[in-house]
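Notes to accompany the following structure.
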Ligand SMILES: [Zn+2]
């Protein structure tokens with residue numbers, strides 16, 4: 001499997017392309033949920049599960065370490081939108097509290113579900129373009145278990 005992926009793109013080393021990596025292009029491709037290297041293959045194989053390799057060009061995407069960053073950015077963005085709307089509606093119409101609960105809780109959840117994947121894609125694209133976390137084709141092999149506590 002890995003052999004076929006490497007042979008399909010001669011510019012790759014261990015699934016990592018060696019070409020030029022534009023930050024803005026990678027961010028946009030990731031935000032469109034596409035592979036930052038080719039822009040055509042799907043980055044995710046499920047809602048928030050990043051594919052190990054791009055299904056189109058074979059670029060290794062398993063080096064990504066988005067961790068909690070997408071949720072932090074989602075909270076900041078959705079929070080600003082929803083809180084602004086809550087304040088605007090409250091000041092303009094003074095609706096009852098049940099209206100606020102029925103309106104803003106579902107809207108918050110829906111908005112978060114919508115923006116979470118593009119934000120994660122953009123962050124993976126950013127990591128890829130900046131050669132972070134093993135995306136560097138000239139880097140040594142990725143350290144397998146970084147969570148191992150230092151020996152005493
Ligand atoms: Zn690709």
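Throughout, read-outs are computed from the coordinates displayed, never taken from laboratory work. In this text, all values refer to a predicted model and were calculated from it rather than measured experimentally. Neighbour counts run over all protein chains shown; Cβ positions are idealised from the backbone, glycine included.
What is the gain in length, in nm to one decimal, between residue 113 and residue 18 on full extension, counting 0.36 nm per residue of separation less the C-alpha to C-alpha distance? Can you show the working numbers first?
Details: separation 95, 0.36 × 95 = 34.20 nm, distance 3.36 nm.
Net length gain for the segment: 30.8 nm.
How many Å³ per residue does the convex hull of the Cα positions in the stretch 2-129 occupy? Don't skip to the answer; put the middle values down first.
Values: hull volume 12.5 nm³, N = 128.
Looking at the stretch 2-129, the number lands at 98 Å³ per residue.
Restricting to Cα pairs below 8 Å that are 6+ residues apart, what does the relative contact order work out to for the stretch 2-129? Please round to a whole percent. Show your work: numbers first, answer last.
Numbers: 166 pairs, mean separation 46.0, N = 128.
Contact order relative to length: 36 percent.
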Packing-wise, with mean Cβ within 10 Å as the measure, how do 107-114, 45-52 rank, highest first? 107-114, 45-52
